[in-house]
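Working notes, beginning with the structure itself.
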Amino acid sequence: MVQRIVSLLPSATEIVCALGFEHQLVGRSHECDYPSAVVRLPALTSPKFNPEGSSAEVDDRVKKILAEALSVYRVDAEKLRGLAPGVIVTQSQCDVCAVSLRDVETAVAQWVGGPPPKIVSLAPFGLSDVFADMERVAVALDAPDRGTQLVGRLRQRMAAIEDRARQASARPGIACIEWIEPLMAAGNWMPELVAIAGGRNLFGNAGQHSPWMKFEDLAAADPDVILIMPCGFNLERTAAELPVLTNRPQWPRLKAVREGRVYLADGNQFFNRPGPRIVESLEILAEILHPEFFGFGHEGSGCLRV
């Protein structure tokens, strides 16, 4: 039986498509944009705040909503029910990043009559969780073998990068910045990706939420490499925000700045999406950390040198 699928998370949409079920998707979140064909599907979510503006402005708006114990996003329950999905994929990892499991359960609870849809909630904190979620989605779609095969292919590509990175004579220390104002380091799966790519992660712990930090912490660590990849920001938006950091008196004295090893990355499309393109994120990191070994061609599209 063909299942009607709704995905309310960009990475989940990519997982569903990578598993070969793109043709069964009937609805998406307002942020789902890859593969490009999914934008034709009706968007079932929207933010309760203005997502435009600086990182400081966005942070302030989101915190005001959360302070009132409100959801950051809304779900169009009527439109969702009209699509009659058999499976809904959502998440419970971060209430700020996307529609939460609670939001979806509230929307579905309003339905009367008909069998309830199966809700699959993803919660990727570490790299193993990312792969486990892919397999869970495959099981929910009655195609466990596809999940096993997808994960196997991705792990194989990552292992090849790890093997080559081991040949490097040094492991550069890198600061991965996930938000600019206030400053936040990258946690969750990012420290693991850094290690696989042959680097030393200086801030944030594997499997844990991304931590807030101070610019003074960054200056004290004086990283070899700085990677700036704000959650939800593309390259253009990240570049526009860069003066928040570059205007600081200490910035020119940082080793990464002096040696030309500061990079911007498309956090929206890559690093902040725990889906199949986690491997492309690793490729970008490998190119940045060890250009002597890797040349995947992501510079200019996935990342830019400042």
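Looking only at region 134-152, decide whether some residue is open to solvent by 70 Å² or more (accessible area, probe 1.4 Å), touching a helix residue (DSSP H, G or I) at 6+ places or on another chain (Cβ under 7 Å), at pLDDT 95 or above and among the hydrophobic types (A, V, I, L, M, F, W, C). Yes, that holds for at least one residue.
Of all residues in region 250-306, how many are part of a helix (DSSP H, G or I), in contact with a helix residue (DSSP H, G or I) (Cβ under 9 Å, 6 or more places away or on another chain) and touching a residue at least 60 places away in the same chain (Cβ under 8 Å)? Summing the residues that are part of a helix (DSSP H, G or I), in contact with a helix residue (DSSP H, G or I) (Cβ under 9 Å, 6 or more places away or on another chain) and touching a residue at least 60 places away in the same chain (Cβ under 8 Å) in region 250-306 gives 8. Scanning region 206-249 for residues that are among the charged types (D, E, K, R) and either more than 20 Å from GLY300 (Cα to Cα) or assigned to a loop (DSSP other than H, G, I, E, B) (or both) yields a total of 6.
Across region 205-219, which residue is surrounded by the most Cβ atoms within 10 Å (Cβ to Cβ) among those that are within 24 Å of GLU192 (Cβ to Cβ) and among the aliphatic types (A, V, I, L, M)? Among residues in region 205-219 that are within 24 Å of GLU192 (Cβ to Cβ) and among the aliphatic types (A, V, I, L, M), the one surrounded by the most Cβ atoms within 10 Å (Cβ to Cβ) is LEU218. Cβ-Cβ contacts under 7 Å between residues 6 or more apart (or on different chains), taken from a first residue in region 200-215 that is closer than 17 Å to GLU181 by Cβ to a second residue that is of a type in the set (D, E, K, R) and open to solvent by 60 Å² or more (accessible area, probe 1.4 Å), are listed as PHE215/ARG248.
Mind listing just one residue for me: the one in region 2-18 that is more than 21 Å from PHE125 (Cβ to Cβ) and out of contact with any Leu (no Cβ under 7 Å at 6 or more places or on another chain) and, of those, least open to solvent (accessible area, probe 1.4 Å)? My answer is CYS17. Residue-level analysis places ARG166 outside the set of residues that are in contact with a helix residue (DSSP H, G or I) (Cβ under 8 Å, 6 or more places away or on another chain), surrounded by fewer than 17 Cβ atoms within 10 Å (Cβ to Cβ) and of a type in the set (Lys, Arg).
Say whether the condition of being assigned to a loop (DSSP other than H, G, I, E, B) and polar (S, T, N, Q) is met by at least one residue in region 141-160. The answer is no, given that none of the residues of region 141-160 is assigned to a loop (DSSP other than H, G, I, E, B) and polar (S, T, N, Q). Looking across region 277-293, the residues that are open to solvent by 20 Å² or more (accessible area, probe 1.4 Å) and closer than 28 Å to ASP133 by Cβ come down to ARG277, GLU280, GLU283, GLU287. Summed over region 108-137, residues that are assigned to a helix (DSSP H, G or I) and more than 25 Å from LYS79 (Cα to Cα) total 10. The set of residues in region 19-76 that are polar (S, T, N, Q), open to solvent by 40 Å² or more (accessible area, probe 1.4 Å) and either at pLDDT 75 or above or assigned to a helix (DSSP H, G or I) (or both) contains only SER36. Scanning region 242-260 for residues that are surrounded by 21 or more Cβ atoms within 10 Å (Cβ to Cβ) and either under 23 Å from the mean Cα position of the chain (by Cα) or acidic (Asp, Glu) (or both) yields one hit, LEU245.
The values are calculated or read from the model by the stated rules, or taken from the named source; none is laboratory data. Given the structure is predicted, the values throughout are model-derived calculations rather than measurements. Cβ sites come from the backbone with ideal geometry, for glycine too, and all protein chains shown count toward neighbours. Note: accessible area is taken over every heavy atom of the protein model, side chains too, but ligands, DNA and RNA are not part of it. Shrake-Rupley method; radii C 1.70, N 1.55, O 1.52, S 1.80 Å.
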